[in-house]
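Here's the structure we're looking at; comments come further down.
The values are calculated or read from the model by the stated rules, or taken from the named source; none is laboratory data. All values reported here derive from a predicted model rather than from experimental measurement. All Cβ positions, glycine included, derive from the backbone under ideal geometry; neighbour counts span all protein chains shown. We work out accessible area using only protein heavy atoms, side chains counted, and drop any ligands, DNA or RNA first. Shrake-Rupley method; radii C 1.70, N 1.55, O 1.52, S 1.80 Å.
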Amino acid sequence: MGSPTELTAWKALTAHQQEMASVDMKSLFAADPQRAEKYTAQAAGWTLDYAKNRANEKTLSLLTDLAKEAGLESAIKGMFSGAHINNTEDRSVLHIALRASQAQEILLVDGVNVLAEVRATLKQMDAFVAQLHSGEWKGYTGKRITDVISIGIGGSYLGPKVVAEALTPYKKDNIKVHFVANIDGSDITGKLKQVNPETTVFVISSKTFGTLETLSNANAARDWFLSNGGSQDNVSKHFAAVSSNVKKAVDFGMAKENIFPMWDWVGGRYSLWSAIGLPVAIAVGMDNFYALLDGAHQMDEHFRTAPFEENLPVIMGALGVWYINFHNAQTHALIPYDHYLRAMPAHIQQLDMESNGKANLLNGDGVETDTGPIIWGGAGTNGQHAYHQLLHQGTRLVPVDFIAPLASHNPIGEHHTQLFANCLSQSQALMVGKTLEQAEQELRDAGATAEQVAKIAPHKVIKGNRPSNTLLTDKMTPATVGALIALYEHRTFVQGTIWGINSFDQWGVELGKVLGTDIYNRLVSDSDNSALDASTQALINAFKKAQA
Ligand SMILES: O=P(O)(O)OC[C@H]1O[C@H](O)[C@H](O)[C@@H](O)[C@@H]1O
């Protein structure tokens, strides 16, 4: 596919945007009493209310036309059948295979039944987790394991960390799972202070087993283990790895049976469902990990089979395109009203920004449209006392996804009702806003003078008409958390397909890595830096001076 701007539906949406420019969402609700009902869809334990969008029937029908015209139906088929839709790396994209139903036995990819490999790995994980939890797995002095430190970064960190945190109420109390990612020595130092080498297992997660941060931290962990009573012979009792590069993991000193495989058809940011999710399985138990996979599978089935008009990832993806490309929205906020889900925006940020931060079409031509937005967000209600001001009165349009459970795991006092009320009030305020007349009246009612009213009222005006989606579920469980993350994975794919880009490579991160190695070499040597730009030279000199 070439540029989406050539598509009939894209052109129609450009014209339609003009028609909608003066339409306020409030008037759409007033004109259609059925609007809330019509613009609600359900899947895999989630209800999406997308009525508070600047969209009418024509908008939504043009957006689904756009998805169809952009080839989304065949792209979905391609993904689920194992076609090499990651065209720049000539690979299949099969995170959906990691959570396929047990009833499906075969999914052949390049002549290999990937489901057989997936099931064998789940068995291996199951056995490992069971041994840790039963205490059968012992450290080098015969004690049971109390702590697991997961070392990995990017996709080998964020997904597992976010899901383990989201499932806090399901955590087993006999083993504590910690995560280390950053090359900043403060990260691993802080974690090592909390554990005992006799009772700690390290899980080194790296698809390539070649990532600087992960290898540096893995080496630091091994050095710490060896200098605190452990011996080389005991490394295998305290270190396991998840990697598609078995040789490098063996060279590190891992026992082959402690290496969990990964495959090139799983992208890092889509890999939490593979053995990269081992820390999650250790934290919450294998039964809950299976439930997580099942929830994601339910969303996969919905995405694969539901008509686009009722399809949550398609609706959310297409509405995102509407704002990014036809309303110049530069960012998209995710605001979970659930404490345990507070880090979710960081995972979706990586998932989406690494996937759709692209400027070339699949055919190599430069794009003519904006692509992936800046994804950001944080926990409600905290954000209401920080950045929501800009959402309500700032000059930028920021579409928001509000995410909330109907029931809390910790139903104390009125907390959950207040939390939920705040969630609803934010989407309502974004939409209804406050007119100048309302602001003036409010001030008069509070006893303000005419002069004060004239002075202050304009500052109280909130334009409103700002869009949001609300996603509700009964409770955050392994299954609903799995479905939620799968929903965002597919939403990203929907948008990438509409833009005609490859959502599954990430060549853009390479240059920084190469330059990082070059600069590291300059920091530790007396190299001639005169060919570098003056700013970088000065910064190198500042570092060297501080070390001298
Ligand atoms: O799992 P690894 O091979 O260590 O990779 C870790 C991360 O590093 C890279 O820089 C990529 O941008 C990420 O997509 C990946 O997840």
Residue-averaged 222 nm ellipticity for the chain, from DSSP H runs of 4+ at -39500 (n - 2.57), nearest 500:
-14500 deg cm²/dmol
Using unit Cβ charges (K, R positive; D, E negative) and no other charged atoms, how large, in debye to the nearest 20, is the dipole of the chain about its Cα centre?
1060 debye
Ranking 28, 548, 461 by how far each Cα lies towards the positive end of the charge dipole of the chain (+1 on Lys and Arg Cβ, -1 on Asp and Glu Cβ), the top one is 548
With a 1.4 Å probe and all protein chains left in place, how much of the accessible area of the range 508-547 comes from carbon and sulfur atoms, in whole percent?
61 percent
For the range 147-287, what percent of Cα pairs sit more than 19 Å apart?
46 percent
Spelling it out for residue 86: with amide H atoms placed in the peptide plane at 1.01 Å from N, the residues 5 or more places away or on another chain with amide H under 5 Å from its amide H are 91, 93
Largest first, what is the accessible-area ranking of 99, 304, 522 with a 1.4 Å probe?
304, 522, 99
For the range 49-64, take each phi angle, set θ = phi - 60°, evaluate the Karplus expression 6.51 cos²θ - 1.76 cosθ + 1.60, and give the result in whole Hz per residue in order, putting x for glycine and proline.
9, 10, 6, 8, 10, 7, 8, 10, 4, 5, 4, 5, 6, 5, 5, 6
Using the Cα atoms of the chain, I'd like the radius of gyration and the largest Cα-Cα distance, Dmax, both in angstrom.
25.6, 83
Tally up the carbon and sulfur contribution to the accessible surface of the range 305-449 as a whole percent, 1.4 Å probe, everything protein left in place.
53 percent
Does anyone have the angle between helix 415-432 and the longest principal axis of the chain? Alpha-carbon axes, 0 to 90°, nearest 10?
50 degrees
For residue 179, other-chain or 5+-apart residues with amide H closer than 5 Å (H placed, Pro excluded) are 150
Of 376, 145, 433, which is farthest along the charge dipole of the chain in the positive direction, counting Lys and Arg as +1 and Asp and Glu as -1 at C-beta?
145
Å² of accessible area per residue within the range 508-547, as computed with a 1.4 Å probe and no ligands counted
76 Å²
Roughly what angle does helix 72-81 make with the longest principal axis of the chain, taking Cα atoms, 0 to 90 degrees, to the nearest 10?
20 degrees
Where the range 313-385 is the region considered: accessible area per residue in Å², 1.4 Å probe
33 Å²
Quick check on my link table: of 38/171; 513/545; 513/544; 123/358; 52/460; 143/256, which ones sit more than 29 Å apart, alpha carbon to alpha carbon?
38/171; 123/358
Can you return the aspartates and glutamates within cross-link range of residue 68? Criterion is Cα-Cα under 17 Å, with same-chain partners fewer than 8 residues away left out.
6, 57, 309, 310
Cα axis of helix 212-226 to longest principal axis of the chain: angle in degrees, 0 to 90, nearest 10?
40 degrees
Could you work out how much longer the chain between residue 521 and residue 89 gets when fully extended? Use 0.36 nm per residue separation minus the Cα distance between them, nm to one decimal.
152.5 nm
Which log10 I(q)/I(0) values, to two decimals, does the range 387-510 give at q = 0.14, 0.21 Å⁻¹ under the Debye formula with one point per Cα?
-0.86, -1.18
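How do 445, 533 rank by accessible surface area computed with a 1.4 Å probe, from largest to smallest?
445, 533
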Provide the solvent-accessible area of residue 61, counting protein heavy atoms only and rolling a 1.4 Å probe, rounded to the nearest 10 Å².
60 Å²
Answer with one residue from 363, 298, 420: the one whose Cα lies farthest towards the positive end of the charge dipole of the range 289-442, charges on Cβ with Lys, Arg +1 and Asp, Glu -1.
420
Given +1 on the Cβ of Lys and Arg, -1 on the Cβ of Asp and Glu, and no further charges, what dipole in debye does the range 95-290 carry about its Cα centre, rounded to the nearest 20?
240 debye
Rounded to the nearest 20 Debye, what is the dipole magnitude of the range 242-303 about its Cα centre when Lys and Arg each give +1 and Asp and Glu each give -1 at the C-beta?
340 debye
For the range 95-290, give the percent of accessible area contributed by carbon and sulfur heavy atoms, probe 1.4 Å, rounded to a whole number.
52 percent
